[in-house]
1. Does any residue in segment B:138-162 that is more than 20 Å from residue B:183 (Cβ to Cβ) come within less than 7 Å, Cβ to Cβ, of a residue that is of a type in the set (Lys, Arg) and in a loop (DSSP other than H, G, I, E, B) six or more places away or on a different chain, and which pairs are these?
2. Looking at (1) more than 18 Å from residue B:114 (Cβ to Cβ); (2) touching a strand residue (DSSP E or B) at 6+ places or on another chain (Cβ under 7 Å); (3) surrounded by 13 or more Cβ atoms within 10 Å (Cβ to Cβ), can you tell me which one residue A:79 breaks?
3. Can you pull out the residues in segment B:326-372 that are more than 17 Å from residue B:132 (Cβ to Cβ), outside any helix (DSSP H, G or I), out of contact with any helix residue (DSSP H, G or I) (no Cβ under 7 Å at 6 or more places or on another chain) and not charged (D, E, K, R)?
4. Assuming residue B:259 fulfils every condition listed in (1) modelled with pLDDT under 95; (2) under 30 Å from residue B:48 (Cα atoms); (3) part of a helix (DSSP H, G or I) apart from one, which condition is it?
5. If residue B:9 satisfies every condition in (1) part of a helix (DSSP H, G or I); (2) over 30 Å from residue B:156 (Cα atoms) but one, which is the exception?
6. Among the residues of segment B:1-24, which ones are touching an Asp or Glu at 6+ places or on another chain (Cβ under 6 Å) and crowded, with 18+ Cβ neighbours inside 10 Å?
7. Within segment B:197-248, track down each residue that is assigned to a helix (DSSP H, G or I) and polar (S, T, N, Q).
8. Would you kindly identify the strands (runs of 3 or more DSSP E) lying entirely within segment A:1-90 that contain at least 1 residues that are among the hydrophobic types (A, V, I, L, M, F, W, C) and away from chain B (no Cβ under 14 Å)?
Amino acid sequence: MKRIAWLALVAAALVALRDPVWAGRVSSGFRSWEEDPPGTPFRWTAGRASFFVPADATAMTLPLRTEFSGPNGAPTEVEIRSDDRYLATVRLPDRHVWTRTRLPLGGRAGRRYRRIDVRVNRVVPPFMLGVMVGEVELTR
Amino acid sequence: MAARGVRHFVAAVGFLAVAAYATIYARGWADAPIRSDGYSYYLYLPSALIYHDLTLDAVARDWYDGSYPPFAAIRRWPSTGRWLDAVPIGVAAMMLPFFLVGDALTWWSNFPRDGFSFYYQQAAGLAGLTYALVGLALVRALLRRYFRDGVVLATLVTLTFGTNLFHYATFDATFSHAFSFCLVAAWVLLIERWRERPTAAASLGLGAIAGGIVLTRNVNAVFLLVLPFRCWRELWPRRRALALAAIAGAACLLPQAAMYRFITGSWWVNSYALLGNYFNFATPRIGSVLFSTQKGLFFWSPALLLAVAGAFLARRWPRSFVAATGVTFALQLFIVASWSEWQLGGSFGHRAFTDGFALVAPLFASTFDWAASRPRARALIAAFAALAVLLSIAQMLQYWLGILPYANTTWSQYRTLFLRFR
């Protein structure tokens, strides 16, 4: 009886963790939130970062900005994927300027949230800064 | 009452530790668990099991454009250009089961399998917490063989909350100290069992634990001296069992040696040399390590003075620990005090000594045992222990809240901040 109760508990936990309601608050690869001088909230990434957006969003606008030039003076490039599906590569040719890119998020999600992965082709020491990511705007 | 307290002590500390751990991260008192030294200890796992790369190159490329942040104790070895992680692989090996659960949950929940997302962080943090609890259970098993329940309970409470042990089980759980505490506790207990029955399994276990101690923190090899001190009469008659233990220990060290050989061309190296740290044996800062406001062992954990008293009060079995504890402590003190970074960076109290607390537990218990039959001494020692525990808890909370500096605390700062929580 005790064993069955334990198995039921583990099964219930696994079901809950398959699609956690709190995933929207989880991110990785970001530093803490900051504000640039006009008051725009943003977070620095490292070479990669991930966050979640609600699955019912059909598109998102992702504000990106770099303070450094890319490798060999070329523009910094940011590759964006949704649940491992390639979405776009955003080039940031100008430094100190916010670039807002609208990205369609179509397709079935199967969960409450989609995982968005950001990969940057340039990280600057000593604080290992990639790009600045602002607050994501969602279209439903 | 005391028997019940002893029986449920580890579970109660586990409950408190999980609550403290959750509060620390929910309130943002600390960055995610894999940070600072913890990052360097943990790095082997994602490198090997997610990036399938033992050279540590892939993580550097993926996260940091081919380099590592300055806080990480990882540098390129000059002659080969390969990455050398200054800390050994022992903590990562002990974290492995937790990492595998974290990795499975990451896949199951569609979180990023990058080695550093939510479940990996909690797996690493909870690994340290769990090993600290296992270490406490082992210390309890050791003490229960020789002391009354009341004495065992007083010792466990003082050891857990009167020192920085609880801090390294929760706030800085990915550092090596909770892991080493557990291994040294297992080492001391196993030596006692091996003295009674030197079976092949006990000998193999002894060797494996000895290997684990060195693999977790190289300098902790000093704890291996406990064996000859506790069993000097048995060493020669049991040379075959010891050879078996030595083979098991060597087998544990082999992966680390092979890694050093691949990276540097030598089988064993001073892995901290590239970080600019060095020993200065001519001018050890012994007074600073023991009593300074910066990281003085007895300044920040005055409860440990009860263990010093225990060295003089110990009778019968615990008496046999005095020489082993004294010599290992003296050696450890000399090594730490001679190290250029003698404060060991940011820490609550002096963390170099947390690893060996299992060894001082019988001395703590000796003081409580001695006082138990002397009403005046009992009141005095109980009052001192209670005050020391309360002070340690208060200062630990101050440290967590960022009120106490992480390092280089001056007397003037200490006085100004004494028991202030805002």
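1. Listed by first residue and then by second, the contacts come to nothing, as the list is empty.
2. Tallying (1) more than 18 Å from residue B:114 (Cβ to Cβ); (2) touching a strand residue (DSSP E or B) at 6+ places or on another chain (Cβ under 7 Å); (3) surrounded by 13 or more Cβ atoms within 10 Å (Cβ to Cβ), residue A:79 fails exactly one: (1).
3. B:339, B:340, B:343, B:345, B:346
4. Looking at each condition in turn, residue B:259 falls short on (1).
5. Result: residue B:9 fails condition (2) only.
6. Of segment B:1-24, the ones touching an Asp or Glu at 6+ places or on another chain (Cβ under 6 Å) are B:2-3, B:6.
Listed by number, the list holds a single entry, B:6.
7. Applying the first criterion (assigned to a helix (DSSP H, G or I)) to segment B:197-248 yields B:200-216, B:218-230, B:239-248.
Of everything in segment B:197-248, those that are assigned to a helix (DSSP H, G or I) and polar (S, T, N, Q) turn out to be B:203, B:216, B:218, B:220.
8. Values: elements: A:27-30, A:41-54, A:59-65, A:76-82.
Fully inside segment A:1-90 and qualifying: A:41-54, A:59-65.
The values are calculated or read from the model by the stated rules, or taken from the named source; none is laboratory data. Fair warning: this is a prediction, and the values are worked out from it, not measured in the lab. Neighbour counts are summed over all protein chains in view; Cβ atoms, including those assigned to glycine, are modelled from backbone coordinates with ideal geometry.
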